[in-house]
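Everything below concerns the one structure shown next.
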Amino acid sequence: LWIRYEKSYDNFHKDKDRIYLVKAQEDKLISKYSMGADRNMVPEPLVHYMRSNFPEIEIATAFEYYKIYIQETKNNKLLEVQCVNIDSFFYQLFNLEILYGNLDVINEDYNSIAITEDLALKLFGKEQAVGKTIVCNDKSELTIKAVIKNFSGPSNFSFDILRGNPLITLFLDKWNIT
């Protein structure tokens with residue numbers, strides 16, 4: 001049963017047999033922000049290197065997962081959500097079904113986001129979420145530009161919020177970020 005469940009991850013993606021996951025192993029000695037554990041992230045310098053040196057790689061995407069806390073609009077409590085910073089190649093690799101709004105704009109502005117339908121329902125009920133603003137625990141405001149259909153099965157890429165990172169290309173050849 002366990003093996004069957006593990007092999008069911010990400011089976012709903014269109015080209016599932018051509019998707020591979022690279023994880024970073026962080027060392028506490030390398031970065032003061034490191035937790036010293038496996039993380040679901042692919043650093044931009046690695047993606048740039050793979051694109052430049054391995055012609056058989058058709059698409060590679062940089063992303064980084066982290067948790068943030070946002071204020072629920074109904075009861076003003078903090079809600080922990082899974083956020084992922086992405087580059088524009090993320091859309092080409094994964095089947096993202098847009099229910100409302102436009103995904104293209106989130107890569108142009110760091111404070112523009114897409115959220116899953118589950119998070120939209122939790123925050124706004126049946127109200128339209130696109131165009132609304134959510135507040136993070138650091139008081140930053142994020143504007144919802146799109147609502148995405150939830151993935152239809154277990155995934156290594158589960159998230160509540162997609163956040164474009166227009167600054168990600170600044171780190172193309174920077175391997176020693178601390």
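The values are calculated or read from the model by the stated rules, or taken from the named source; none is laboratory data. On a predicted model such as this, the values are computed, not experimentally measured, just so you know. Here the Cβ positions follow ideal geometry from the backbone for every residue, glycine too, while neighbour counts run over all protein chains shown.
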Review point. Do the conditions hold for Glu56, that is, is it of a type outside the set (Phe, Trp, Tyr), surrounded by fewer than 15 Cβ atoms within 10 Å (Cβ to Cβ) and under 25 Å from Cys136 (Cα atoms)?
Key: no
If you go through Thr73, Thr116, Thr133, the only one that is within 30 Å of Asp15 (Cα to Cα) and not acidic (Asp, Glu) is Thr116
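Please go through the range 98-137 and give me each residue that is acidic (Asp, Glu) and more than 17 Å from Val84 (Cα to Cα), ordered by number.
Selection gives Glu127 alone.
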When Tyr49 is run through (1) hydroxyl-bearing (Ser, Thr, Tyr); (2) buried (at least 17 other Cβ atoms within 10 Å of the Cβ); (3) closer than 16 Å to Leu21 by Cα, the failure sits at (2)
Among the residues of the range 37-59, the number that are at pLDDT 80 or above and either within 14 Å of the chain's Cα centre (by Cα) or farther than 27 Å from Val81 by Cα (or both) is 12
- Do we find that Gln92 is polar (S, T, N, Q), without any contact (Cβ under 8 Å) to a residue 40 or more places away in the chain and surrounded by fewer than 18 Cβ atoms within 10 Å (Cβ to Cβ) in this structure? yes
Of the residues in the range 75-89 that are surrounded by fewer than 19 Cβ atoms within 10 Å (Cβ to Cβ) and in contact (Cβ under 8 Å) with a residue 12 or more places away in the chain, the one that is farthest from the chain's Cα centre (by Cα) is Leu78
Just wondering, is there one or more residues in the range 113-123 that are over 22 Å from Phe157 (Cβ atoms) and among the aliphatic types (A, V, I, L, M)? no
Checking Gly101, Gly125, Gly131 in turn, the sole residue that is at positive phi and surrounded by 14 or more Cβ atoms within 10 Å (Cβ to Cβ) turns out to be Gly101
